[in-house]
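Asks: Provided herewith is a single structure, encoded as structure tokens, for subsequent inquiry.
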Amino acid sequence: MKILGISGSLRAGSFNTALLKVAAELAQKAGVKFEIYDISDIPFYNSDLDADNKPDAVVKFNAAIKNADGLLFSTPEYNYSIPGVLKNAIDWASRPGFNAALTKKPCGIVSASMSSLGGARAQIHLRDILFGTLSPVYLAPEFLLASAHKAFDENGKLADQKTAEFLDKYIQGYVGWLNTIKNN
Ligand SMILES: Cc1cc2nc3c(=O)[nH]c(=O)nc-3n(C[C@H](O)[C@H](O)[C@H](O)COP(=O)(O)O)c2cc1C
């Protein structure tokens, strides 16, 4: 079992990337491989480049998705939606339609935001986008982290025990769902 973690934030001190690091530890404890994929080198989507010779960063990204049993997105909310960099990466991985790296790939969604809504609106948008790529999404329990700046210490370590337990519950549920899909 292998999960690919994708953060919607390129920021070095990103709470979403930090959340994926905690998710990776929890998944590894449950015997699951977890790799965090950096989408920062993926160029802007351009159909002219989406031909036989795709950009190297796109070829690498598609291969990493194909090689994973499931994806775990951790996204911030930007203006009530997901960041453009994440939508851009998803657009690349969604082509060719119906036969893309993302087609039928099981996905999980978590979010972290400094606001009290924890990225809930971005989660709903991301779920809808993943319907468009024919990627099934794990539905419950949902995980979102509100006031993310209060849950992490100054070294970027998760300091809030309740958040760790909540995320563990999400990871256990998500891995169980992936196992059901894999064994069917
Ligand atoms: C362009 C921009 C728009 C934002 N819009 C929202 C928003 O609509 N809702 C929200 O909760 N936070 C919003 N934020 C705050 C981010 O969610 C918050 O800074 C978050 O911590 C960023 O994620 P990161 O720590 O993983 O980089 C916005 C931040 C930026 C830069």
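The values are calculated or read from the model by the stated rules, or taken from the named source; none is laboratory data. Bear in mind the structure is a predicted one, so any value in this text is a computation, not a measurement. We place every Cβ from the backbone using ideal geometry, glycine too, and count neighbours over all the protein chains shown. Just so you know, the surface numbers come from the protein's heavy atoms only, side chains and all, with ligands and any DNA or RNA stripped out. Shrake-Rupley method; radii C 1.70, N 1.55, O 1.52, S 1.80 Å.
Asks: Give Pro83, Pro106 a once-over and let me know the one that is within 16 Å of the ligand (Cβ to nearest atom) and in contact with a Pro (Cβ under 8 Å, 6 or more places away or on another chain). Write out each step before concluding.
Replies: Details: Pro106 fails: within 16 Å of the ligand (Cβ to nearest atom).
Exactly one of Pro83, Pro106 is within 16 Å of the ligand (Cβ to nearest atom) and in contact with a Pro (Cβ under 8 Å, 6 or more places away or on another chain), namely Pro83.
Asks: Moving to a separate point now. In the list Ala24, Ala68, which residue meets the criterion of being aliphatic (A, V, I, L, M) and more than 20 Å from Ala148 (Cβ to Cβ)? Spell out how you get there, then give the answer.
Replies: Numbers: Ala24 fails: more than 20 Å from Ala148 (Cβ to Cβ).
None of the other options fit; the residue is Ala68.
Asks: Separate question: Does at least one position in region 73-80 carry a residue that is within 18 Å of Pro136 (Cα to Cα), in a strand (DSSP E or B), among the β-branched types (Val, Ile, Thr) and free of Cβ contacts under 8 Å to residues at least 40 places away in the same chain?
Replies: As a first pass, look at region 73-80 and keep what is within 18 Å of Pro136 (Cα to Cα): 73-75.
Applying the additional criterion that residues be in a strand (DSSP E or B) yields 73-75.
Within this subset, residues satisfying the condition of being among the β-branched types (Val, Ile, Thr) are 75.
In the following step, the residues that additionally are free of Cβ contacts under 8 Å to residues at least 40 places away in the same chain were identified as none.
Checking region 73-80: not a single residue is within 18 Å of Pro136 (Cα to Cα), in a strand (DSSP E or B), among the β-branched types (Val, Ile, Thr) and free of Cβ contacts under 8 Å to residues at least 40 places away in the same chain.
Asks: May I ask you to say which residue of Tyr37, Tyr45 is surrounded by 15 or more Cβ atoms within 10 Å (Cβ to Cβ) and under 23 Å from Ala164 (Cα atoms)?
Replies: Details: Tyr45 fails: under 23 Å from Ala164 (Cα atoms).
Of Tyr37, Tyr45, the one residue that is surrounded by 15 or more Cβ atoms within 10 Å (Cβ to Cβ) and under 23 Å from Ala164 (Cα atoms) is Tyr37.
Asks: Could you say whether any residue in region 118-133 is surrounded by fewer than 16 Cβ atoms within 10 Å (Cβ to Cβ) and of a type in the set (Asp, Glu)?
Replies: Yes; the residues of region 118-133 include at least one that is surrounded by fewer than 16 Cβ atoms within 10 Å (Cβ to Cβ) and of a type in the set (Asp, Glu).
Asks: Considering only region 1-21, state which residues are of a type in the set (Val, Ile, Thr) and either within 13 Å of the ligand (Cβ to nearest atom) or surrounded by fewer than 18 Cβ atoms within 10 Å (Cβ to Cβ) (or both).
Replies: Here is the first cut: in region 1-21, the residues of a type in the set (Val, Ile, Thr) are 3, 6, 17.
Once the filter is applied, which keeps residues that are of a type in the set (Val, Ile, Thr) and either within 13 Å of the ligand (Cβ to nearest atom) or surrounded by fewer than 18 Cβ atoms within 10 Å (Cβ to Cβ) (or both), region 1-21 yields Ile6, Thr17.
Asks: Report whether or not Asp69 is open to solvent by less than 60 Å² (accessible area, probe 1.4 Å), charged (D, E, K, R) and touching a Phe, Trp or Tyr at 6+ places or on another chain (Cβ under 7 Å). Spell out the reasoning first.
Replies: Details: open to solvent by less than 60 Å² (accessible area, probe 1.4 Å): yes; charged (D, E, K, R): yes; touching a Phe, Trp or Tyr at 6+ places or on another chain (Cβ under 7 Å): no.
No.
Asks: Which one is surrounded by the most Cβ atoms within 10 Å (Cβ to Cβ) among residues in region 155-184 that are assigned to a helix (DSSP H, G or I) and polar (S, T, N, Q)?
Replies: Let us first name the residues in region 155-184 that are assigned to a helix (DSSP H, G or I), namely 161-182.
Of the ones still in play, those that are also polar (S, T, N, Q) are 161, 163, 172, 179-180.
Numbers: Gln161: 9, Thr163: 21, Gln172: 14, Asn179: 14, Thr180: 10.
The residue in question is Thr163.
Asks: Looking at region 59-66, can you tell me whether even one residue there is open to solvent by 30 Å² or more (accessible area, probe 1.4 Å) and either outside any helix (DSSP H, G or I) or of a type in the set (A, V, I, L, M, F, W, C) (or both)? Step through it out loud before you land on a result.
Replies: Step one: of region 59-66, the residues open to solvent by 30 Å² or more (accessible area, probe 1.4 Å) are 59-60, 63, 66.
Now narrow it down to the ones that are either outside any helix (DSSP H, G or I) or of a type in the set (A, V, I, L, M, F, W, C) (or both): 59, 63.
Within region 59-66, one or more residues are open to solvent by 30 Å² or more (accessible area, probe 1.4 Å) and either outside any helix (DSSP H, G or I) or of a type in the set (A, V, I, L, M, F, W, C) (or both).
Asks: How do the pairs read when you match residues in region 92-121 that are in contact (Cβ under 8 Å) with a residue 60 or more places away in the chain with residues anywhere that are acidic (Asp, Glu) and surrounded by fewer than 21 Cβ atoms within 10 Å (Cβ to Cβ), using Cβ under 8 Å and keeping only pairs 6 or more apart or on different chains?
Replies: Pro106/Asp69
Asks: Just the residues that are in a helix (DSSP H, G or I), away from the ligand (no atom under 16 Å from the Cβ) and either open to solvent by 10 Å² or more (accessible area, probe 1.4 Å) or among the charged types (D, E, K, R) (or both), please, taken from region 86-103.
Replies: In the first step, residues of region 86-103 are kept if they are in a helix (DSSP H, G or I); the result is 86-93.
Retained after the next criterion (residues that are away from the ligand (no atom under 16 Å from the Cβ)): 90-93.
Correct list: Asp91 only.
Asks: Still on this structure, please answer the following. Yes or no: region 23-40 includes at least one residue that is within 21 Å of Phe143 (Cβ to Cβ), more than 16 Å from the ligand (Cβ to nearest atom), among the basic types (Lys, Arg) and out of contact with any Lys or Arg (no Cβ under 7 Å at 6 or more places or on another chain). If you could, list the steps in order and put the result at the bottom.
Replies: Of the residues in region 23-40, the ones within 21 Å of Phe143 (Cβ to Cβ) are 23-37, 39.
When the remaining residues are screened for being more than 16 Å from the ligand (Cβ to nearest atom), the result is 25-35.
The next check asks that each one be among the basic types (Lys, Arg); those that pass are 29, 33.
Then keep just the ones that are out of contact with any Lys or Arg (no Cβ under 7 Å at 6 or more places or on another chain); that gives 29.
Within region 23-40, one or more residues are within 21 Å of Phe143 (Cβ to Cβ), more than 16 Å from the ligand (Cβ to nearest atom), among the basic types (Lys, Arg) and out of contact with any Lys or Arg (no Cβ under 7 Å at 6 or more places or on another chain).
Asks: Within region 140-154, how many residues turn out to be over 19 Å from Ala27 (Cβ atoms) and open to solvent by 60 Å² or more (accessible area, probe 1.4 Å)?
Replies: Total meeting the criteria: 3.
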